[in-house]
Amino acid sequence: MDETDKKILNEIQSDFPISPRPYLDVGKRLGLSEQAVIEAVRRLKQRGIIRRIGGNFHSHRLNHVSTLCAAKVPEEKIEQFVEVVNGYAGVTHNYLRNNAYNIWFTFIAKDMDTIGEALGEIAVKTGIQDILNLPAKKMFKIKVDFEV
Amino acid sequence: MVDSIEKAVISHIQGDLSVQPRPFARMAQAVGITEEEFISRVRRLKEKGIIRRFGATLRHQEAGFSANAMVAWEIPEHEIDKTGRILSEHKSVSHCYYRAPQRDWPYSLYTMIHGSSRDECHRIAAQLSRAIDITEYALLFSEKEFKKTSMEYF
C-alpha cells in the first residue's frame, strides 16, 4: 500500500460520499482524479484489503435483534457444526477461537425467539449442548474507523 | 419504521457497491426511482441512524493490523459501568460491550483490541488489566474465519 492508498482508505471508511460521483468527490478532497481514485479502490478490493463498500446498519432500528453465541465443540465435530451454523442466513460472522468455547458466531434475526429456536435446532442436529447465547445488554464503544 | 422504497434501497446498499463513476445510478434504476431520489433516501437513512456507517469495510489483517483479539473480562456486576467506561477510553479498544455471564462462562465485559502482533495484544490486555485492576480475563484470538458476510435484511 502506498501513501495514496492509505489516504483513500482513511477517507472512505466512514466518509464515503453519498453523492452522484463519489469517487470524483473523494478525488477533490485528496487532489486526485476520479479515475485515479477508482483504479486505486479497484486494486484495494482485488488485493482483499477492502472487503466491501456499502451500508452498515443498526439492526435493532430495522426491527432486528443480534447476539453473540459461543459453543464448545470437540475437534472432530467442528466441520459439521460449522456447516450447520453457517447454513443460517442470520449468522454473519463465525470464528474458531483458542478456548474451550472454541466456536464464536454472531446471529441476527427478527426476534430473540427465532434465535433461541435456531440454537435449539443446532443443538439437536449436531448433538452439541454447550451453546451460549450472549446478547449485548449495553454498548460502551463501537469504533468504526481504522487509521491505516 | 421503513417504507417499501427504503427497503428496496437497503436491499441494494447492504451488499457491495460496484466501483464505477456513478454507483448509485444503476441501483436507482433497479429500484425504479431517480438517482437523485436514491441518494437522498440513503442520506436520510443515515440521518435517521438506521445506517450506522456508510463506506468501505476493511480486512484488518490485509490492512496491516496483523492481530486482533477479543478479551472477555470477569467483572463484578456493580463495577460494570465504571469499568466499561475505563476500557472504552483506550485507543486500542475498538468495541466494548456488556453481556450477562452464563453457566460456566463468568465473563461480562467484552473488548476487541487491535495490535501489530499477538504479543502486542497480550501486552495491551495486560495493560488494560492493570488499568481496571482485574486479573480474570480470557484472551481470545481468531484462529480461523468460517464466515464473514453482511446481513441481508430485505
Practice task
At a Cα cut-off below 18 Å, give the aspartates and glutamates reachable from B:Lys48, other chains included and same-chain residues fewer than 8 away excluded.
Solution key: A:Asp15, B:Asp3, B:Glu6, B:Glu37
Practice task
Please sort by residue number the GluC sites (Glu not before Pro) in region B:65-97 whose DSSP state is loop and whose Cβ has at most 15 other Cβ atoms within 10 Å.
Solution key: B:Glu74
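Net charge around B:Thr149, counting only other residues with Cβ within less than 12 Å of its Cβ (Lys, Arg = +1; Asp, Glu = -1)? Write down the numbers at each step before the final one.
Details: positive: A:Arg51, A:Arg52, B:Lys147, B:Lys148; negative: B:Asp16, B:Glu145, B:Glu152.
Net local charge, B:Thr149 excluded: +1.
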Practice task
Filter the trypsin sites (Lys or Arg not before Pro) in region B:53-154 down to the DSSP loop ones having no more than 10 other Cβ atoms within 10 Å, then list what survives.
Solution key: B:Lys91, B:Arg103
Practice task
For A:Ala36 and A:Ala100, calculate 0.36 nm times their separation in residues minus their Cα-Cα distance, and state this gained length in nm to one decimal.
Solution key: 18.2 nm
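Given the DSSP H assignment, sum -39500 (n - 2.57) over each helix run of at least 4 residues in chain A and divide by its residue total; what's the result at 222 nm in deg cm²/dmol, nearest 500?
Working: 5 runs with 56 residues, N = 148.
After summing the helix terms and dividing by residue count, I get -11500 deg cm²/dmol.
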Exercise for the section: Please give the calculated 222 nm ellipticity per residue for chain B, where each DSSP H segment of at least 4 residues contributes -39500 (n - 2.57) and the sum is spread over every residue; nearest 500 deg cm²/dmol? Expected result: -11500 deg cm²/dmol
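Please compute, for peptide A:126-137, the average count of beta-carbon atoms on other protein chains lying within 10 Å of each residue's beta-carbon.
The shielding value for this peptide is 3.
Within region A:51-148, report the GluC sites (Glu not before Pro) that DSSP leaves as loop and that have at most 14 other Cβ atoms within 10 Å. Kindly include the intermediate steps, with their values, before the conclusion.
Values: sites: A:Glu75, A:Glu76, A:Glu79, A:Glu83, A:Glu117, A:Glu121, A:Glu147; in loops: A:Glu147.
Of the GluC sites (Glu not before Pro), the ones in loops of region A:51-148 whose Cβ has at most 14 other Cβ atoms within 10 Å are A:Glu147.
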Practice task
Please find, in a Gaussian network model of chain A (springs between Cα atoms separated by less than 10 Å), the residue of A:Ile115, A:Ile50, A:Ile128 whose mean-square fluctuation is greatest.
Solution key: A:Ile50
Exercise for the section: Find how much the distance from A:Ser14 to A:Lys72 grows on full extension, using 0.36 nm per residue of separation minus their present alpha carbon separation; answer in nm with one decimal. Expected result: 17.3 nm
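For A:Asn133, what charge total do you get from the other residues with a beta carbon under 12 Å from its beta carbon, if Lys and Arg give +1 and Asp and Glu give -1? Please report the intermediate quantities before stating the final value.
Numbers: positive: B:Arg99, B:Arg103; negative: A:Asp113, A:Glu117, A:Asp130.
The answer is -1.
So, counting K/R as plus one and D/E as minus one, what does the shell of residues with Cβ under 15 Å around B:Thr83 add up to?
Around B:Thr83, the surrounding residues sum to 0.
Laboratory data are not the source of any read-out in this text; all were calculated from the coordinates shown. Just so it is clear, the structure is predicted and the values come from calculations on it, not from any experiment. Virtual Cβ from ideal backbone geometry, glycine too; neighbours counted across all protein chains shown.
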